[in-house]
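Chemist: Questions regarding the structure given below will be posed in turn.
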Amino acid sequence: MVTLMTLELYRYDENLLRQQFQGLLANAPRFFENTPVVVGLEHLHNPEDAIDLKRLAHLCAGFGINLIAIRGGNSQHRRSAAEAGLACLAAQPQAVTRKLPANAPQRNKTSSIGKNAKVTPIHQNEMAFDEQAGQQASAPSFEEPKVISTPVRSGQQVYHNGDLILTGPVSAGAEILAGGNIHAYGPFRGRALAGVNGNSKARIFCTHFEAELVSIHGHYKLAVSMDKSLWKKAVQVYMDQDSLILKRL
C-alpha cells in the first residue's frame, strides 16, 4: 500500500499556488514529507486551460513536494505530463452531489488551501493507469478492526482499510490513515486521516488530543486552526455536510 496525496487544481496560477504552499507549510512543515503527490485536473474551472506541468513540478519541488502523476485532463495536459516525466492516471468518476436550497447557508470546505487548489489523501490501489482501458480500480473491501499497541514514532505511517485502534502514543510527524474510524487511547500528536477510501461517515476519537492535522474523507484541519480549548482533552472529529467538526467527548 502506497499513500498518495492529490493536489486538486481548480485553476492554474503559479503565484497563488506559491503563496498557498508557503502558508500551508508554514503551519505544517512536514505535511508533504515522504509523500508522492498526484495533480487532479478534473475540477479545473476551464478544462482547456494550458498547464506547464514541468514548471509546476519544479515549483512543487521547491517546497519538497514530489509530483509523480496527473489525474484526468485533456490531451495537451497528457503531453505536458509526458514531457515533465509524470505518469497519467485515469480521471475519477464524477461524484453525485446533493443540491442545497437556494437560501441555505453555505459551509466552507476545510480541505481547501485556497480558491484554486485542494489537498486530499488517496491510495494507489484506488486508481488505474490510462493504459488499463481508463477504468477506475475498485476500492479494497472493508477489513476487520486492527489494533496497534506499540508507539507510532515520528516519520512512521500506519494504514488500515478498516477501523484503527491505537493504545499507545502517536508522536508528532507520524501519520495514521484508516478507511474507517480512528480510535486513539494515548497522547495523539501526529496526523489522523480517517475515511480515506471515501467513507464520509468515519470519525476520529482521541482521549488525549494534540493532533497536528485531522482529516475525514479529504477534508482537513491543521492544528493552527483548531480550538485550543480542545487541547489534551477527549475529542471526536466528524463530518457535518461539508464541514469538519471537532467536539469534546
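Chemist: Using R₀ = 22 Å, calculate the FRET efficiency as 1/(1 + (r/R₀)^6) where r is the Cβ-Cβ separation of residue 150 and residue 248; round to 0.05.
Modeler: On the way: r = 28 Å, r/R0 = 1.27.
Given R0 = 22 Å and the Cβ-Cβ separation, E is 0.20.
Chemist: Could you calculate the contour length gain from residue 46 to residue 185, that is, 0.36 nm times the residue separation minus the distance between their Cα atoms, to one decimal place in nm?
Modeler: Values: separation 139, 0.36 × 139 = 50.04 nm, distance 4.60 nm.
Gain on stretching residue 46 to residue 185: 45.4 nm.
Chemist: I want the local charge near residue 205. Using Cβ-Cβ distances under 13 Å, sum +1 for each Lys or Arg and -1 for each Asp or Glu among the other residues. Please report the intermediate quantities before stating the final value.
Modeler: Details: positive: 203, 233, 247, 248; negative: 163.
Result for the local shell: +3.
Chemist: For a test of the definition: using alpha carbon positions, the gyration tensor, and the 1.5 limit on a/c, classify region 146-248 as rounded, prolate or oblate. List each step's numbers first, then the result.
Modeler: Working: a/c = 1.57, a/b = 1.10, b/c = 1.43.
Here region 146-248 falls in the oblate category.
Chemist: Here's something else I'd like to know. What is the gain in length, in nm to one decimal, between residue 224 and residue 167 on full extension, counting 0.36 nm per residue of separation less the C-alpha to C-alpha distance? Intermediate results must be reported in sequence, preceding the final value.
Modeler: On the way: separation 57, 0.36 × 57 = 20.52 nm, distance 2.56 nm.
Computed gain between residue 224 and residue 167 is 18.0 nm.
Chemist: What ranking of 225, 154 emerges when the number of other C-beta atoms within 10 Å of each C-beta is taken as an exposure proxy, fewest first? Before the final figure, lay out each step's value.
Modeler: Numbers: 225 11, 154 14.
Neighbour counts put them in this order, fewest first: 225, 154.
Where a number appears in this text, it was derived from the coordinates with a stated rule and is not lab data. Because the structure is a prediction, the values reported are computed rather than measured. Note that each Cβ is placed from the backbone with ideal geometry, even for glycine, and that neighbours are counted across all protein chains shown.
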